[in-house]
Amino acid sequence: MNWTDERVELLKKLWSDGLSASQIAAELGGVTRNAVIGKVHRLGLSGRAKALAPSAPRPRKPRPASNGAAHARPMVHGNTALAPVIRPVIEPEPEEIADPIANVIPMADRCTILDLTEFTCRWPVGEPGKADFFYCGSRTKTGLPYCAYHSRIAYQPVQNRDRRRAAR
């Protein structure tokens, strides 16, 4: 589509009459809204007839009086079927874990690294390299590296670990 002089004059007239770019494109035919906008900018047309604005400003809606009390729950707008319900979390008291040294390992269960199997506890006791170093050697459940006692020490819930760090 070429912009002929007649089409440009019609564009200028329609633009000054206050028609939108979409309306002008429909009136001209064979041209898109974006093409009209581009041509208007290239021609430097800026003065448009604007709709008559009312001389008096619109009256504002009165706001409801607030008593200043804070809401117990955050406001949720829209569908509230899946809105989160905030409930206070009651945390249980932390359990005291017995000192690992207090666990007496029978002499018959103690073993060296060469004696460890799939079914023996691999919890190290003592200082490696010293003569009194050994592994727990107690019976374990299949697939776990530690006996029940040492598993409680090794695998602690996250909240208990965080509390213990905060206490330090």
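The values are calculated or read from the model by the stated rules, or taken from the named source; none is laboratory data. In this text, all values refer to a predicted model and were calculated from it rather than measured experimentally. In this analysis, Cβ positions are derived from the backbone assuming ideal geometry, glycine residues included, and neighbour counts consider all displayed protein chains.
Look at region 77-90: where a residue is outside the structural domain of Q159 (by TED's automatic domain parsing) and a partner is modelled with pLDDT under 75 and surrounded by 10 or more Cβ atoms within 10 Å (Cβ to Cβ), sitting 6+ places away or on another chain with Cβ atoms under 9 Å, you get A83/V76; P84/V76.
Is it the case that region 85-98 has a residue that's loosely packed, with under 13 Cβ neighbours inside 10 Å, within 30 Å of K13 (Cβ to Cβ) and at pLDDT below 70? No: region 85-98 contains no residue that is loosely packed, with under 13 Cβ neighbours inside 10 Å, within 30 Å of K13 (Cβ to Cβ) and at pLDDT below 70.
Suppose we filter region 132-150 for residues that are part of a loop (DSSP other than H, G, I, E, B), small (G, A, S) and under 19 Å from P106 (Cβ atoms); how many remain?
Within region 132-150, the subset part of a loop (DSSP other than H, G, I, E, B) is 132-133, 136-138, 140-147.
Next, from what is left, pick out any that are small (G, A, S): 137-138, 143.
If we keep only those that are under 19 Å from P106 (Cβ atoms) too, we end up with 137-138.
Looking only at that region, the number is 2.
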